[in-house]
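Notes for the one structure printed next.
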Amino acid sequence: MSMTKLFSPGPVMVKDSVRHALLHYDICHRSREFEEMFVDTQKKICRLFGADETYDSVIVSGSGTSSNETVLSSLFKEGEAVMLVRNGMFGERLLEIITKYNIPLVDCPFPWAAYPDLNTVDKMMAEHPEVTVVAMVFHETCTGMINPVGEVGSLCQKHGKRLFVDCVSAAGGQEIDVVNNHIDICTSVGGKCVGAFPGSAYICAKRSLLESLTGDQCRNVYLSLYKHYQSAVTSHQTPNTPNVNLFWPLNTALTEILENETLQGRIARYQCCAGIIRKGLEELGCRLLLSEHMSNTVTSVFLPDGIDAQTFLDEMESRGYTFYIGKGEYAKQGMIQVANMGEIYEQDCLNMLETFALVLAKMKT
C-alpha cells in the first residue's frame, strides 16, 4: 500500500474513521436513514461556518466548483449584476462561471498575490447600484492568501449588497464567522481542510435568501439551488440521486472536527504545521511568495536558483511526498506549493523537511 504523504491542497489524507465510513452498508437515498444523516450533516455544516438559526445548508454532489456554480447560476434575477473581487486563479474561475451564464458583471480585479484595496472596492460598490451580490474567494489557493472577507462584508452592509464567498479551501482551516462577517452565502467541499473526500460539496446560506429563490431564476437544472433547498426543506433529501457513499465520510469528518479535535484545535494544528514548514523552508534557502495575509494551510515557495521545480517535485514524490507546482506564471519561476491540510501533523512536517533538504542537496551537486 502506498504511504505517500499528500502535502497538496486537496485531495488530502483522511483519518481512518473517515476512510472506514466509505464502507457503510448500502442504503437508499429515499430512506429514513439517509434523511436523518442528511439533516445531521446540514446542522454540522452550519456549525462549521459559525452560522446561527437564520442560516441553512444544502449538499451538492460534485467538486467545490459545483457548489460555486450552483450559487452563481441561481442567485440572479433579470437586471441584477454581480461584482467580483478577484486576485488569483480561483477568482478567475468564478469569473468563468459568471461569464458562461451571461450574468451582468462589475469586475474588480487585482494582480495575483496583491491584497485587495478596500477603498477601490468601496468606491465600486457605491458606483454600481445594479450590483446585488459581491463575490470573492476567502482563501485564494493559487497564492495562499487570505482575503479581507470581514471588511468586504462590512462594505456590503454599508451599500446594501449580499456577499457570496467561495470558502472551498478555507472551511475547516480558517476562522469563518458568517454572521459577524456578513456572509450571506458561502461554499466549500469535503476534500480539503475538513478532511473528507472530493465530491461532497456544500452551501451555507441565510434562510431568507434561500426562501427568496424561484425555480425560474435558476439557470442550471442539476445545479439549481432552488431545487436543492426545496428538496432539503420538504423531504430532507436531494433533488437528484446524490453520491450517497460520500455523505457518510463527510458527516464523519465534520464530527471529528466539531466533537473531537474541535474546530479551534484543527485550526491551531494547521497554524502550527504551517509555521514549521515556513521556518524550515526559509532555512533551506527558499523564498516565500507572501509575507503577510498567509493562510493556515498553503505555503507558496520559490525553490533556490538553479533547481528545476518539476524535477524537484518528481524527486520528492519518488520519496513519498506530493506537492503542487505553482499556478500560471509562478510555475515558470520555480514556485511550488506545500500544503498541510488533512491528516498532517508536526512530525510529518519535520520528516518532510528532512527529505526536502536531502533532495535539494542532491540537485545542487
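Numerical summary
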read-out: Ala170 long-range amide H proximity, modeled H, under 5 Å; value: His139
read-out: Between segment 81-136 and segment 144-168, the alpha-carbon center distance in angstrom; value: 11
read-out: Sequence-distant residues sharing a close amide H with Met294 (under 5 Å, placed H); value: Ile146
read-out: Segment 165-216, dipole about Cα centre (Lys/Arg Cβ +1, Asp/Glu Cβ -1), debye to the nearest 20; value: 160
read-out: Relative packing of peptides 84-90, 48-54 - highest average C-beta neighbours within 10 Å first; value: 84-90, 48-54
read-out: Under 13 Å from the Cα of Lys227 - aspartates and glutamates, other chains or at least 8 residues apart; value: Glu211, Asp216
read-out: Per residue convex hull volume, Cα atoms of the chain, in Å³; value: 128
read-out: Accessible surface of the chain [probe 1.4 Å, protein heavy atoms]: carbon and sulfur percent; value: 51
read-out: Max mean-square fluctuation residue, GNM over the chain, Cα-Cα springs under 10 Å, options Asn220, Asn119, Asn180; value: Asn119
read-out: Local electrostatic count at Pro104 - Lys and Arg +1, Asp and Glu -1, tallied over other residues with Cβ under 10 Å; value: -3
read-out: Using θ = phi - 60° and Karplus 6.51 cos²θ - 1.76 cosθ + 1.60, couplings along segment 320-331 (whole Hz; Gly, Pro as x); value: x, 10, 10, 10, 10, 6, x, 8, x, 5, 4, 4
read-out: In order through segment 274-286: 3J(HN,Hα) via Karplus (6.51 cos²θ - 1.76 cosθ + 1.60), integer Hz, x for Gly, Pro; value: 4, x, 4, 4, 5, 4, x, 5, 5, 5, 8, x, 8
read-out: Filter on Lys192/Lys332; Lys77/Lys192; Lys100/Lys206 - keep pairs with C-alpha separation over 28 Å; value: Lys77/Lys192
read-out: From phi via Karplus (6.51, -1.76, 1.60), per-residue ³J(HN,Hα) for segment 38-55 in Hz, x at Gly/Pro; value: 4, 5, 4, 5, 4, 5, 5, 4, 4, 5, 4, 8, x, 7, 9, 6, 8, 10
read-out: Cα-based Rg and Dmax for segment 204-319, where Dmax is the largest Cα-Cα distance (Å); value: 21.9, 61
read-out: Projected-area mean, segment 97-220, by convex hull of Cα positions, square nanometres; value: 8.3
read-out: Cα-based Rg and Dmax for segment 1-99, where Dmax is the largest Cα-Cα distance (Å); value: 17.9, 55
read-out: Sequence of Lys123, Lys5, Lys161 from largest to smallest accessible area, 1.4 Å probe; value: Lys123, Lys5, Lys161
read-out: Three-way shape label, segment 53-168, alpha-carbon gyration tensor, a/c 1.5; value: rounded
read-out: Packing-based ranking, highest mean first, of 282-289, 20-27 given that Cβ atoms within 10 Å are counted; value: 282-289, 20-27
read-out: Ile325, Ile185, ranked by accessible area, largest first (probe 1.4 Å); value: Ile325, Ile185
read-out: Bins of 5 Å from zero: percent of alpha-carbon pairs in segment 35-83; value: 5, 16, 20, 21, 21, 11, 5, 2
read-out: Per residue solvent-accessible surface (Å²) - segment 200-321, probe of 1.4 Å; value: 42
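The values are calculated or read from the model by the stated rules, or taken from the named source; none is laboratory data. Fair warning: this is a prediction, and the values are worked out from it, not measured in the lab. Quick reminder, even Gly has a Cβ in these numbers, built from the backbone with ideal geometry, and neighbours come from all protein chains shown. Side chains are part of the model used for accessible areas, which takes the heavy atoms of the whole protein and leaves out ligands, DNA and RNA. Shrake-Rupley method; radii C 1.70, N 1.55, O 1.52, S 1.80 Å.
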